[in-house]
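A short worksheet on the structure shown next.
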Amino acid sequence: MEHIYLDHAATTPMDKRVIEAMVPIYEEVFGNPSSVHAYGRKARQLLDEARRTLAKSIHANEKEIIFTSGGTEADNLALIGTALANKHKGNHIITTNIEHHATLHTAEYLEKEGFKVTYLPVQDNGKIDIIDLKKALKHDTILVSVMYVNNETGIIQPIEEIGELLKDHQAYFHTDAVQAYGSIEIDVDKLGVDLLSVSAHKINGPKGIGFLYARESIKLNALQFGGEQERKRRPGTENVVGVIGFKTAVELMVKERESRNEKYEAFRQQFLQVLKEENITFDINGKIDSTIPSIINISFSGTNVEKLLANFDLSGVAASSGSACTAGSVEPSHVLSAIYGANNPCTTNSIRFSFGAANTTENVVEAAHRVAKIIKRLVK
Ligand SMILES: Cc1ncc(COP(=O)(O)O)c(C=O)c1O
């Protein structure tokens, strides 16, 4: 049985070209970039080049890139770092109730530390209402954090519009672009964002590396203390091999983004087509034209994610859901609860299928047939 991976929003396989770029660094460039000798200088040079490539990919300058261990750390640094550095200007933060837990749990931590947090709701299209944001903004709001693309549904938030609204407000604007980066071309000035989180393992790069873009003018406290790396904003010897893998993944992504999007859109349509041909009853969470092409979140009424995911896995199809399964019960997805209400069946019967480099038309179609067979068996 062929295993078929449809969980690229969780993580992606590394591109072979990324691995090929990393191997010589493992073998040859082991110097510490802070060392003044030739070994250190070589590592520093590679690090600087990579920083320029990453900055260019979001139209930023290289001083604004802070390497982190991934998206979670970038979100933590964005929220806690700016909250602590700007508390003299206010203690109010706005975010949404559909954020990734890297943001939500950080916001909850800040509440315990005395900050006031407003969690914006979403409309039934899964997007925040700009009017709600306008109403929530106060004179002492210091930070607004709204994710670019939701990791469960793929729904895109109106980031440019939010940036425009915040242009004349003191609040910094952070966006978690972990799921957006591989699909949408990003220009931080056009979007009006001050902080932006990215992670390499979502774009066929290595795990354990990401960055936080932080506009040069913003005040940000470090969350750890040590050396002078990353302009003291994130001390610790740099992950040079990871950075080189990340750089290579970004170069490939920038070149191939458009063709990848076209390919994933075709996969998504082929997948849905098979379900339709097999007469499966399903609903899509999120309008197709406001989601990124690589993600489709589908509700199968009359069943639940625990049964579905176990059966998919047995049939060799890897997918996932935002609902956590804990010892016989299913915790509803917080994202779908925000869209449909806490007790809506969609919150416990929806599956995210996400397409990427591990897919071909053949294996996507085959996966859809296996999914259809299971749904027919489970939903009588
Ligand atoms: C939207 C979003 N933010 C943050 C993260 C966390 O990123 P990382 O796994 O690199 O810590 C993820 C990963 O699933 C994500 O999808």
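Select from the stretch 68-94 the residues that are within 21 Å of the chain's Cα centre (by Cα) and more than 9 Å from the ligand (Cβ to nearest atom) and list them in ascending order.
Asn76, Leu77, Ala78, Leu79, Ile80, Gly81, Thr82, Ile93, Ile94
Right, Thr106: touching a helix residue (DSSP H, G or I) at 6+ places or on another chain (Cβ under 8 Å), assigned to a helix (DSSP H, G or I) and modelled with pLDDT of 95 or more or not? Don't jump to the end; show me each part of the working.
Values: touching a helix residue (DSSP H, G or I) at 6+ places or on another chain (Cβ under 8 Å): yes; assigned to a helix (DSSP H, G or I): yes; modelled with pLDDT of 95 or more: yes.
Yes; evaluated as a whole, the condition is true for this residue.
One line per residue, one yes/no per condition, for (1) free of Cβ contacts under 8 Å to residues at least 12 places away in the same chain; (2) more than 29 Å from Leu166 (Cα to Cα); (3) in the same structural domain as Arg370 (by TED's automatic domain parsing); (4) over 16 Å from the mean Cα position of the chain (by Cα):
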position	(1), (2), (3), (4)
Pro206	no, yes, no, no
Ala214	no, no, no, yes
Ala222	no, no, no, yes
Glu228	no, yes, no, yes
Glu238	no, yes, no, yes
Val243	no, yes, no, yes
Phe246	no, yes, no, no
Gln270	no, yes, yes, yes
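Go over the candidates Val274, Val250 one by one and state the one that is farther than 18 Å from Gly126 by Cα, part of a helix (DSSP H, G or I), under 23 Å from the mean Cα position of the chain (by Cα) and of a type in the set (Val, Ile, Thr).
Val250
Could you please give the count of residues in the stretch 177-188 that are under 13 Å from the mean Cα position of the chain (by Cα) and open to solvent by 10 Å² or more (accessible area, probe 1.4 Å)?
5
Is it the case that the stretch 189-200 has a residue that's away from the ligand (no atom under 16 Å from the Cβ), more than 19 Å from Val250 (Cβ to Cβ), modelled with pLDDT of 95 or more and open to solvent by less than 10 Å² (accessible area, probe 1.4 Å)?
There is no residue in the stretch 189-200 that is away from the ligand (no atom under 16 Å from the Cβ), more than 19 Å from Val250 (Cβ to Cβ), modelled with pLDDT of 95 or more and open to solvent by less than 10 Å² (accessible area, probe 1.4 Å).
How many residues, within the stretch 35-45, are small (Gly, Ala, Ser) and open to solvent by 70 Å² or more (accessible area, probe 1.4 Å)? Spell out how you get there, then give the answer.
Narrowing the stretch 35-45 to residues small (Gly, Ala, Ser): 35, 38, 40, 43.
Right, trim to open to solvent by 70 Å² or more (accessible area, probe 1.4 Å) and you get none.
Result for the stretch 35-45: 0.
If I ask for residues that are within 16 Å of the ligand (Cβ to nearest atom), closer than 19 Å to Lys56 by Cβ and not aliphatic (A, V, I, L, M), which ones from the stretch 203-222 would you list?
Of everything in the stretch 203-222, those that are within 16 Å of the ligand (Cβ to nearest atom), closer than 19 Å to Lys56 by Cβ and not aliphatic (A, V, I, L, M) turn out to be Asn204, Gly205, Gly210, Phe211, Tyr213.
Could you pull out every one of the strands (runs of 3 or more DSSP E) wholly within the stretch 306-380 that has 2 or more residues that are out of contact with any Lys or Arg (no Cβ under 9 Å at 6 or more places or on another chain) and buried (at least 23 other Cβ atoms within 10 Å of the Cβ)?
Working: elements: 324-326, 329-331, 350-354.
Here the list reads 350-354.
Are there any pairs with C-beta distances below 6 angstrom linking a residue in the stretch 346-368 that is without any contact (Cβ under 8 Å) to a residue 60 or more places away in the chain to a residue that is part of a strand (DSSP E or B) and open to solvent by 10 Å² or more (accessible area, probe 1.4 Å), with the two at least 6 apart or on different chains, and if so which?
Within 6 Å, the pairs are Thr348/Val330.
Using the structure shown, decide if Ile156 is more than 16 Å from the ligand (Cβ to nearest atom) and either buried (at least 24 other Cβ atoms within 10 Å of the Cβ) or farther than 19 Å from Ala60 by Cα (or both).
It is false that Ile156 is more than 16 Å from the ligand (Cβ to nearest atom) and either buried (at least 24 other Cβ atoms within 10 Å of the Cβ) or farther than 19 Å from Ala60 by Cα (or both).
Between Ile25, Ile65, which is away from the ligand (no atom under 16 Å from the Cβ) and not basic (Lys, Arg)? Let's see the steps before the verdict.
Working: Ile65 fails: away from the ligand (no atom under 16 Å from the Cβ).
After applying the criteria, what remains is Ile25.
The values are calculated or read from the model by the stated rules, or taken from the named source; none is laboratory data. Note that the coordinates shown come from a computational prediction; the quantities given were computed from them, not determined experimentally. Note that we place each Cβ from the backbone using ideal geometry, even for glycine, and neighbour counts take in every protein chain shown. What goes into the accessible areas is simple: the full protein's heavy atoms, side chains included, and nothing from ligands, DNA or RNA. Shrake-Rupley method; radii C 1.70, N 1.55, O 1.52, S 1.80 Å.
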